[in-house]
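Written out below as structure tokens is the structure these notes cover.
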Amino acid sequence: MSEGKQPSLTKELREAEKYDSDSKMRTYTGLMEKIITVICIAWAGVLMYYNSIGSMEAILLRAYTLGFLFLLAFLLFPATKKSSGTRRLPTIWDIICVILALSSIVYFISIYETFAREWGGFHRSDWNYIFGAIATIMLFEASRRVVGISLSIIAALFLAYVFAGPYMPGTFSHGGFTITRVIDTMFWGAQGIYGIALGVFTTFVFMFVLFGAFLKNSGFTDFINNMALTVAGRTAGGPAKVSVIGSGFMGMVNGSAVGNTVTTGAVTIPLMKKTGYKPHFAGAVEAVSSTGGLFAPPVMGAAGFIMAEFVGVPYTTVMLAALIPALLYFITVFMVVHFEAKRIGLTGLSKENIPPALGVIKEKGHLIVPLIVLVYLLVSGTTPTYAAVFALLATVAASFVRKSTRMNVKVIIQSIEDGCKAAISVGIACAIVGIIVGAVTLTSLGLVVGNNILHLAGGSLLLAGFFTMVISIIMGMGVPATASYIIVATVSAPLLVELGAPVLVAHMFAFFYAALSNITPPVALASYAASGIAGASPNKVSLTAVRLGITGFIIPFFFLYNPVLLFDGASYTRSIIAMVTAIIGVIALSGGLQGWLITKASYIQRIVLFFSAFLLVTPTIFFDVFGIALLIGVGIWQKIKPYKTKTTESRSPETAI
């Protein structure tokens, strides 16, 4: 890109960053900058110690975590746009919020042992309720600043429902609860703010976010991008394939669809546009690839760890279950960009723009060691927490292999700070979702909604799945995928189980659609972020992203009826056979979507390709054989009688305008 166009890209990046919560952070100069660093080091130190060799009651460790979240949220995230940017000191309102929030946490920690053991869980002081109310109000303010207004409104509606029960119609009516009962549930028990979501964040998610920051600062991102270039850079539409591979790998590490879109998209989207892809298509490819990282093992989004707790299975079981659907998702996106490149006559990058593979491996190949360590430890049965800690240490150790990647003290401190800052939005989301879960627990709303959906579905698993998909997408509008998944898993997943779906399958079903809400209009945060960089219409990017990620919307219904695609209740042999045929199926699906297989496909050929894809993704031997026969038939048809079309001149990045 020429220097003359650089300001335009900067403007586009600023537009994209509006949708990334981390970009809202203010920066400090002078003493406050050092104080923030010290707070981050202290937080990381506390959680690393107590998650590895130390011992503390779970709810107290969650309280310490919430205290650090409050402190960093109010110091780093401005209350208004006016107080954003670079500052020397926080505002008066920030300081008041810090004092109120921390006083409630300090009170909780100091009195909890007495409350739980000597008072038997009964409140003998009104201060318990006062500080509980203060903490709840401050959590709403922190959520508004960090996560955005959408999740705060949803949590407020659930909280209001707790009090408004006597005034609600029909089956949604309940007796209502006193404010003291609500505060007791939300703040003093393990069913509200200090519930499973914040617990999983404290134990697992924080460590993986920290590991991701270390991996990124070691130079792993450059290694992945360069390897992607060597693998796919010279093929048709190479830059788009680099985006799929690079964004997918980085999405597995950072667990944020929007953050990944902004960071990797700043490089890949302009390159795709330069190659010849239309702006809305380039933005959609990046958004879809970054979103897929949320459910791609080995390091899935925070919801993956929460799912393991909800379902009561090891994280490795969740990781294995997500393997085939994630693989199918990325193969679809990869083949769609390949067929699109063929259709519009794009070539790859020239040889001089491709780094030599051996050189890339020699320079930074050692940085893959931490991921190998992580996967080995997870598969061998080590807890995710220990696996993350050892993988983090392996990252530092591996970086010393070469001087160019060596992580000195300054880089290590920066990694700790980056990791803590990246964890704030996830942690606050997990905390306020606890209010939603607490409200559902108190009012039995999950049972009520489930019964209503069951009535509407008429006992049909297909219709119940459809309603669950709709709820997941609606709840995911402007809300982190983790929060959306928890809400839907609490309300709708039990219904799918009641209708015969295995527990893991029901939760994976809800998780997929919660993650895909990042690209689903009308509110698609990853697509909107990509559109800002691409300079394209947000709605056009969103609609294109849905088309590219269509496999993600289809596959959950297949594994809902046949869990073989999740390695659930089936032999590995059956699952692998189903995976191979499904891969062939999504290639056929990609060809049908783009109208290209060997050459341009006619409308009839596209219909046959879609039908072939449906048959191949359905894990049945007869359907598989029939589907492969149809696919081969289309290929032979195109060889014998190519579809007549105007010749498209091949374009390369060097000739594209």
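The values are calculated or read from the model by the stated rules, or taken from the named source; none is laboratory data. Note that the coordinates shown come from a computational prediction; the quantities given were computed from them, not determined experimentally. As a convention, Cβ positions derive from the backbone with ideal geometry for all residues, glycine included, and neighbour counts pool all protein chains shown. To get the accessible areas, we keep the full protein, side chains included, count just its heavy atoms, and leave off ligands, DNA and RNA. Shrake-Rupley method; radii C 1.70, N 1.55, O 1.52, S 1.80 Å.
Output the residues belonging to region 466-492 that are open to solvent by 10 Å² or more (accessible area, probe 1.4 Å) and part of a helix (DSSP H, G or I). Outline the logic, then answer.
Looking only at region 466-492, we keep the residues that are open to solvent by 10 Å² or more (accessible area, probe 1.4 Å), and these are 466-467, 469-471, 473-475, 477-478, 480-482, 490-491.
If the condition is that a residue be open to solvent by 10 Å² or more (accessible area, probe 1.4 Å) and part of a helix (DSSP H, G or I), then F466, F467, M469, V470, I471, I473, I474, M475, A481, T482, T490, V491 are the ones that fit.
Within region 215-238, being of a type in the set (S, T, N, Q), closer than 20 Å to S415 by Cα and touching an Asp or Glu at 6+ places or on another chain (Cβ under 9 Å) holds for one residue alone: N217.
Do we have any residue at all in region 374-384 that's assigned to a helix (DSSP H, G or I), in contact (Cβ under 8 Å) with a residue 24 or more places away in the chain, open to solvent by 10 Å² or more (accessible area, probe 1.4 Å) and not aliphatic (A, V, I, L, M)? Yes, region 374-384 contains a residue that is assigned to a helix (DSSP H, G or I), in contact (Cβ under 8 Å) with a residue 24 or more places away in the chain, open to solvent by 10 Å² or more (accessible area, probe 1.4 Å) and not aliphatic (A, V, I, L, M).
Considering region 47-70 alone, what residues qualify as being farther than 24 Å from F131 by Cα and part of a helix (DSSP H, G or I)? Give the derivation first.
Our first condition is that a residue be farther than 24 Å from F131 by Cα; within region 47-70, this holds for 47-55.
Correct list: L47, M48, Y49, Y50, N51, S52.
Checked against (1) aliphatic (A, V, I, L, M); (2) open to solvent by less than 10 Å² (accessible area, probe 1.4 Å); (3) at pLDDT 90 or above, A156 passes all but condition (2).
Can you confirm whether region 591-600 contains a residue that is closer than 20 Å to I555 by Cα and over 33 Å from the mean Cα position of the chain (by Cα)?
Quick first cut of region 591-600, residues closer than 20 Å to I555 by Cα only: 591-594.
Now restrict to residues that are over 33 Å from the mean Cα position of the chain (by Cα): none.
Among the residues of region 591-600, not one is closer than 20 Å to I555 by Cα and over 33 Å from the mean Cα position of the chain (by Cα), which makes the answer no.
Which of the residues that make up region 309-356 are assigned to a loop (DSSP other than H, G, I, E, B) and surrounded by 18 or more Cβ atoms within 10 Å (Cβ to Cβ)? It would help to see each step written out before you state the result.
Residues of region 309-356 that are assigned to a loop (DSSP other than H, G, I, E, B), as a first pass: 312-314, 345, 347-350, 354-356.
Within region 309-356, T347, G348, L349, I354 qualify.
Would you check if G170 is at pLDDT below 90, open to solvent by less than 10 Å² (accessible area, probe 1.4 Å) and out of contact with any helix residue (DSSP H, G or I) (no Cβ under 6 Å at 6 or more places or on another chain)? No: the conditions fail for G170. Among the criteria (1) more than 30 Å from V313 (Cβ to Cβ); (2) at pLDDT 90 or above, the one E654 does not fulfil is (2). Among residues that are under 30 Å from L597 (Cα atoms), out of contact with any strand residue (DSSP E or B) (no Cβ under 7 Å at 6 or more places or on another chain) and either of a type outside the set (G, A, S) or at pLDDT below 85 (or both), K362 is not included.
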